[in-house]
Amino acid sequence: HGKLLTYHKFAIKTHATVCMVCNIFKNGKCVEGKGNCTLKEGGECRTRDIYSFTLKDGFFYNYTILDCSKPCKAWRLVRGYLRVASFCCRSRNFCNRYHGKIAKQFVH
């Protein structure tokens, strides 16, 4: 019975959702902190787009952060010269794989 239980635990772990991790994703590639993480129960893959502000250009997309988060909530933050748009998913492995800015409508 011990071997069956060990196999059963292993089988559960192989079905966990895996997310991309990147501390700085910019210009189509991960330039710092590339890896992956496995979701814990209740967690989700998170994508955060970071925008900066200049008087000349207003808010502009700067870079993206990819990781796992528990809890994870979709939200917008505006604090001075910084804006952050966050998106969560857990539908499939690497669902937070970067496909371009997620929140053009957040930049006004």
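Mind giving me the FRET efficiency for THR38 and VAL78? R0 is 35 Å, r the Cβ-Cβ distance, nearest 0.05 is fine.
Details: r = 32 Å, r/R0 = 0.91.
Computed FRET efficiency for THR38 and VAL78 comes out at 0.65.
Which aspartates and glutamates does LYS70 reach when only Cα atoms under 12 Å apart count, and residues fewer than 8 places away in its own chain are ignored?
Answer for LYS70, where 12 Å is the Cα cut-off: GLU41, GLU44, listed by chain and number.
Would you mind ranking GLU32, GLU41 by Cβ crowding within 10 Å, fewest neighbours first?
Working: GLU32 11, GLU41 6.
Going from least to most buried by this count: GLU41, GLU32.
Which distance in nm do the two modelled labels at VAL18 and LEU55 give, with both placed 7 Å along the Cα-to-Cβ direction?
Placing both labels 7 Å beyond Cα along the Cβ direction yields 4.9 nm.
Sum up the charges of everything whose Cβ sits under 11 Å from the Cβ of PHE53, counting Lys and Arg as +1 and Asp and Glu as -1, but leave PHE53 out.
Details: positive: LYS56, ARG79, ARG83; negative: ASP57.
Net charge around PHE53: +2.
No lab work stands behind these numbers, since they all come straight from the coordinates. The structure displayed is predicted, hence computed values, not measured ones. Every residue, glycine as well, gets a Cβ built from its backbone with ideal geometry; the counts of neighbours run over all protein chains shown.
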